[in-house]
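Data block below; observations after.
Every number in this text was worked out from the coordinates using simple rules, so none of it is lab data. In this text, all values refer to a predicted model and were calculated from it rather than measured experimentally. Don't worry about glycine lacking a Cβ; one is built from the backbone with ideal geometry, like all the others, and counts go over all protein chains shown.
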Amino acid sequence: MARRLVVLYHDDFREHSPGSVKHPEDPGRLDIALKSVADVISYAPGRRVAVRVAPRGDLNVFNKVHDQAYVERVKAILRSRKFEWLDKDTYVSRGTIKALSRLAGASQKAVILALRGVNSFILGRPPSHHAGRSGRAMRAPSMGFCLLNATALIAGVLAAHGRVAVVDFDVHHGNGTQEIFYSNPHILHVDIHVDPAVSYPGTGYPGDVGEGEGAGTKVNIVTPHMAGDDIYGDVLELVEAILSSWKPDYIVVSAGFDAYRGDNEMVLMNVGTRFYYNIGRLLASNARAVVSVLEGGYSIGLDRAFKAYIAGILGLRTWPWDPPSHSGNTAWRTYKAYKRLVVASILKHGRISLPKEIAREAEALKPKVRRYRRRKRRYRRYIF
Ligand SMILES: [Zn+2]
């Protein structure tokens, strides 16, 4: 059966706005993403992509994944209906309450669709994955544009209905989501992100595997700056092996497109359309349904990478590829040093099994553990 995708959207998502202040996370992002959806609709045969209204919902549903006191605090701030900075990155505005209400409703709708086996994409704002149990997560320096965590909410609700995996390919670590489920053994979280030693939010090292009963269910795959399609192709093989072991019924995706080459100036990466198409295809073929939530992506990533991801989810036969990009030797060295730690951390806890080739290959890589520890300390000194 041909795969389908329901895009959940409402203009209220534009109401969360920095106004005249220049900020990368602004409503203009949705213009680019909506144009991408229209482009795929004109490309894909039949009615395989449909845009549906994201319904309104009650913010109290977020009590499932956040502390109630935190949700109450957010609601109180939103009721004042004025523009305000909550930290150096994260703002609220007059209309944020409308946007978050649609995010709550869209999350509930996405769960209903997933239970029917239908894939969905919440094209909403503000983003989710840096919002932890009570705001700032895992000692990160800020909430990174996020207020309430829809990704975690959807994963938490779906976990009552089947096996759940969260996959986060935004270029930043999904520290909020990871913190929320850190001791939860039922939710696998695979997070692909740029080296936390040199980038926001400074969390998500391979040794961070969860705690208590959850130990071994959190996987942090670290990529270096300027990583290209070759490194991301290797990442994809690892993700595939992890998902084949976990066998999720539902996959909830923190879909950020900020690792796409040239998307933004915050993190410089060199990933092309190939990775986004392939991961879309991989996720959709490994679960009954995939629910994606828009995280980062600030310019061209929301055009080219987002379209390629939808094409992959739908399983379209082909998509306009970017020419393949290659990573330099330094990037490969950093990646391999980290990969060895990732594989060792997975094998240590035994919650996920990996093919022998991956274990052997990682074992053969020379450890750079001392250097990695030094880097970690240096960054911690820098941000705290
Ligand atoms: Zn990001």
Next on the checklist: Translational diffusion coefficient of segment 73-152 at 4 °C, 1.567 mPa s, Stokes-Einstein with Kirkwood Rh over Cα pairs, in µm²/s as a whole number.
Outcome noted: 96 µm²/s
Item to check | ³J(HN,Hα) computed for each position of segment 332-339 - Karplus, 6.51 cos²θ - 1.76 cosθ + 1.60, integer Hz, glycine/proline x | outcome: 4, 4, 4, 4, 5, 4, 5, 4
Checklist outcome for this item: The set of residues whose placed amide H lies less than 5 Å from the amide H of Ser292, leaving out same-chain residues fewer than 5 positions away, is Ser120, Phe121, Ile122, Val253
Next on the checklist: Quick check: pseudo-label points 7 Å beyond the Cα along Cα→Cβ at Val21 and Lys82, how many nm apart are they?
Outcome noted: 1.3 nm
Checklist outcome for this item: For Ser292, Ser134, Ser327, ascending order of other Cβ atoms within 10 Å (fewest first) is Ser134, Ser327, Ser292
Next on the checklist: With just the Cα atoms defining each centre, how far is segment 322-353 from segment 53-69? Give it in Å.
Outcome noted: 36 Å
Checklist entry - Where does the charge balance sit around Ala215 when Lys and Arg score +1, Asp and Glu -1, over other residues with C-beta under 12 Å from its C-beta? => result 0
Checklist outcome for this item: Proxy exposure order for Ser183, Ser128 (fewest C-beta within 10 Å first) is Ser183, Ser128
Item to check | Nearest-20 debye value, the chain charge dipole, Cβ charges on Lys, Arg, Asp, Glu | outcome: 560 debye
Item to check | Per-residue Cβ neighbour rank within 10 angstrom, fewest leading, Arg317, Arg261, Arg125, Arg94 | outcome: Arg317, Arg94, Arg261, Arg125
Item to check | Extension gain from Ala344 to Asn329, taking 0.36 nm per residue of separation minus the Cα-Cα distance | outcome: 3.1 nm
Checklist outcome for this item: Per its Cα gyration tensor (rounded if a/c is under 1.5, else prolate when a/b beats b/c, else oblate), segment 229-330 is best filed as prolate
Next on the checklist: So if I restrict to the alpha-carbon atoms in segment 165-249, what is the Rg, and what is Dmax, the biggest pairwise distance, in Å?
Outcome noted: 12.4, 36
Checklist entry - For all pairs of alpha-carbon atoms in the chain, what percent lies in each bin of width 20 Å, listed from the first bin to the last filled one? => result 31, 61, 8
Checklist outcome for this item: Comparing Ile358, Ile122, Ile231 in a Gaussian network model of the chain (Cα, 10 Å), the one with the largest mean-square fluctuation is Ile358
Next on the checklist: Test of understanding: what is the full-extension gain from Ile112 to Ala2, defined as 0.36 nm times their sequence separation minus their Cα-Cα distance?
Outcome noted: 37.6 nm
Item to check | Contour minus Cα-Cα distance for Ser245 and Val198 (0.36 nm per residue) | outcome: 13.8 nm
Next on the checklist: Can you tally the net charge around Ile310? Count Lys and Arg as +1, Asp and Glu as -1, for every other residue whose Cβ sits under 12 Å from the Cβ of Ile310.
Outcome noted: +4
Checklist entry - In whole Hz, what ³J(HN,Hα) sequence does segment 295-307 give by Karplus (6.51, -1.76, 1.60; θ = phi - 60°), x for Gly and Pro? => result 10, x, x, 10, 8, 5, x, 6, 8, 6, 6, 4, 4
